Amino acid sequence: MTAFLAIALSALAMTLIVGIRYLLSSGGFALATRLTRPGLYTGLDRQIVKEIRWSLYSAAIYGIPAGIVAWGWQNRGWTAIYTDIHAYPLWYLPLSVLLYLAAHDTWFYWTHRWMHWPRLFRIAHAVHHASRPPTAWAAMAFHPIEALTGAIVIPLLVFAIPIHVAALGIVLTIMTVMGVTNHMGWEVFPRFIWDGPLGRWVITASHHQRHHERYGCNYGLYFRFWDRLCGTDGGLGSFAGRPRAPLSAQAGRGADRGQPVAGGGSGH
Ligand SMILES: [Zn+2]
Ligand SMILES: [Zn+2]
């Protein structure tokens, strides 16, 4: 098999993996939403179809660089990914995960702020904000330009920062889960996480919810570090009373939509 064909197959396989991972993770959390907060996504069917379509395009954009790098790792010894757990001290395992999250967060914060520059927003980022309010399906609902800015991060970092393959799996799992849960419309984490000391530094749904409400604040991905440092932290948003559906779809629905209010307990 020629190298070109092998790389193409690797990119295709990665695209399928990313696409299936998206469908399972977003689908799983959408199902959890339906079971625990019935009606939360009522009236959003057309929006959800668009979220899924954009997300599947994004899966290809994420899959191609990942597939190329995975091929190079397997066949050419590219990257600083290691498989021998003792190649580095064990304490480096959690540190490497933190380094990846911090680097990704930094990249995300600045590219995200950049994409809120009005001219660029219309081209590259309006797609993501067209979800009002976002749902679990919006996790990868990005315009291809925005998807590309996200897709290159991990494939570049694996050349720069050594990481065990299992630690990389943890990074990708955190990336996937936070991408979905931050858009889901409710807090999946216990209140002490997002409303306690940890929540002052770690981003969960309540924080990203405010970004989707106000646009001009809360640009971070995992941590509030850059938002706090740069004065763009707008605090935590609330899930109470946010517009979720056309009025016609809301008719006949009680005021209590079964959502936790930020600071209002664990929900129903
Ligand atoms: Zn978002
Ligand atoms: Zn934004």
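The values are calculated or read from the model by the stated rules, or taken from the named source; none is laboratory data. Predicted model, so just to flag it, every value in this text is computed and none were measured. Note that each Cβ is placed from the backbone with ideal geometry, even for glycine, and that neighbours are counted across all protein chains shown.
General remarks:
- Boolean, A30 is in contact with a helix residue (DSSP H, G or I) (Cβ under 7 Å, 6 or more places away or on another chain) and either at negative phi or not hydroxyl-bearing (S, T, Y) (or both): yes
- Taken over segment 17-38, the criterion of being of a type in the set (V, I, T) and loosely packed, with under 13 Cβ neighbours inside 10 Å is satisfied by I20 alone.
- Of the set (1) modelled with pLDDT of 95 or more; (2) away from ligand 1 (no atom under 16 Å from the Cβ); (3) not charged (D, E, K, R), all apply to G241 but (1).
- For segment 25-38, the criterion of a residue being under 19 Å from the mean Cα position of the chain (by Cα), assigned to a helix (DSSP H, G or I) and aromatic (F, W, Y) is satisfied by at least one position.
- Here G185 meets each of (1) crowded, with 19+ Cβ neighbours inside 10 Å; (2) out of contact with any Ser or Thr (no Cβ under 7 Å at 6 or more places or on another chain) with one exception, condition (2).
- Residue match in segment 130-148 (condition: crowded, with 20+ Cβ neighbours inside 10 Å, without any contact (Cβ under 8 Å) to a residue 24 or more places away in the chain, out of contact with any Cys (no Cβ under 9 Å at 6 or more places or on another chain) and closer than 22 Å to A205 by Cβ): no
- Within segment 69-92, tally of residues that are assigned to a loop (DSSP other than H, G, I, E, B) and either among the aromatic types (F, W, Y) or at pLDDT 95 or above (or both): 9
- Scanning segment 194-209 for any residue that is of a type in the set (K, R), farther than 28 Å from L44 by Cβ and surrounded by fewer than 20 Cβ atoms within 10 Å (Cβ to Cβ) turns up at least one such residue.
- In segment 97-111, the residues that are within 13 Å of P162 (Cα to Cα) and aromatic (F, W, Y) never reach a residue that is buried (at least 17 other Cβ atoms within 10 Å of the Cβ) and modelled with pLDDT under 95 with C-beta atoms less than 8 angstrom apart, at least six apart or across chains.
- Put simply, of A160, A138 the only residue that is under 20 Å from Y100 (Cα atoms), small (G, A, S) and modelled with pLDDT of 95 or more is A160.
- Helices (runs of 4 or more DSSP H) wholly inside segment 127-204 containing at least 3 residues that are away from ligand 2 (no atom under 16 Å from the Cβ) and closer than 30 Å to L90 by Cα: 153-160, 165-181, 191-194
- So V158, is it within 22 Å of Y57 (Cα to Cα) and among the hydrophobic types (A, V, I, L, M, F, W, C): no
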